[in-house]
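Let me begin by presenting the structure, written as structure tokens, before commenting on it.
We did not get these values from a lab; they are worked out from the coordinates using the rules stated. All of these numbers come straight from a predicted model, not from anything done at the bench. Cβ: placed from backbone, ideal geometry, glycine included. Neighbour counts: every protein chain shown.
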Amino acid sequence: MRIVCLGGGPAGLYFSILAKKANPSWDITVVERNRPDDTFGWGVVFSDKTMDGFKDVDPETHSEITRAFRHWDDIDVFFKGQKVTSGGHGFCGIGRIKLLQILQKRAAGLGAKLIFQTEITDPDSYAADYDLVIASDGGSSITRRKYESIFKPNIQPRQNRFIWLGSKKKLDAFTFDFANTEWGWFNLHAYRFDADWSTFIVETPEKNWLKAGIDKMEQEESIALCEKTVCRPARRQRFDFEREALEGLSRLVEIQSSAVRKMVPQKYRADRRCGAHRALQHRLRNKTRDGKMPLRSLECSLITMAT
């Protein structure tokens, strides 16, 4: 069995890990457009329940993530001058680049071939050489666009604007801050993801973004505005944000899970001995709600049959 994962983010890497564990003889290749140490954004958050799932299916990966993460139980909410703390939630944060390094090392250690700096232009070009093509090429998936009639994605560009910042301010809780400014509401959510860093995401409806004139600001000015309006009032201190930020529009991508199942080769649907496929189907079922599988992160996992 020859498998290729188009996209070397967490989705493609973790699939290759689970598939190699279930069937060590399988030939698995992961193709990624960026360099091994490229990433976009700061941290990633996992719940305790998600971490338990990692531990069940691959204790080695779980152990490495545990050694690198920052755990917390509390959520602090700042609203109309008050702070409300809710405890007992159980989350952990880890740097995005650290997570990629852990998954890359584990996948390579199990025998998966990792190919970097290779642009994916057409998923069908891999079909002649592989039995199965896994599309793990992110929110702007080329594979999903090409097979839109099969996947039937529901893509909704939202009108909120956001900026994703990093700071060496060490937060003790997952933090939400709501600020009613002269231009309208701004929202902050922030968390610590390693020993030294926290990440801060500031979001507002586009109409407020335009009223504040942020569309005409340089990045330094927009960061200063965020620090003044949202980040500083709740805790009365500066955060000294890094001057590299990710900005954009919010977006929701939703994939019909029935379309995903249709793309799995029939012979593997029928073969209950195929451990990796069974584990994949189990996860798809667990992620499904009301017949749909919501995918809200920068990485999304799609599956297509190589014909």
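A few notes on this one:
- Summed residue charge, Cβ within 14 Å of T61's Cβ, Lys/Arg positive, Asp/Glu negative: +2
- Pairwise FRET efficiency - S25 versus I115, Cβ, R0 = 25 Å, nearest 0.05: 0.80
- Distances between placed amide hydrogens fall under 5 Å for L165 paired with F200, I201, V202, all partners being 5 or more residues away or on another chain.
- Ranked by the mean number of other Cβ atoms within 10 Å of their residues, highest first, the peptides 217-228, 14-25 fall in the order 14-25, 217-228.
- Judged by the mean number of other Cβ atoms found within 10 Å, the most tightly packed of the peptides 177-189, 127-139 leads the ranking 127-139, 177-189.
- Between amide H atoms placed 1.01 Å from N, distances below 5 Å from L114 occur with V30, all of them 5 or more places distant or on a separate chain.
- Residues listed by number, region 174-206, amide nitrogen under 13 Å from S86 label point at 7 Å toward C-beta: 174-177
- In order through region 189-202: 3J(HN,Hα) via Karplus (6.51 cos²θ - 1.76 cosθ + 1.60), integer Hz, x for Gly, Pro: 10, 8, 7, 8, 10, 7, 5, 10, 10, 10, 10, 10, 10, 10
- Extended-chain gain in nm, criterion 0.36 nm per residue less alpha-carbon gap, K228 and D48: 61.5 nm
- Residue ranges 42-52, 83-93 sort as 42-52, 83-93 when ordered by packing (mean number of other C-beta atoms within 10 Å per residue, highest first).
- Working from label points 7 Å from Cα in the Cα-to-Cβ sense, the K211 to N154 distance is 3.0 nm.
- Nearest-0.05 FRET efficiency for R35 and K146, computed from C-beta distance (R0 25 Å): 0.50
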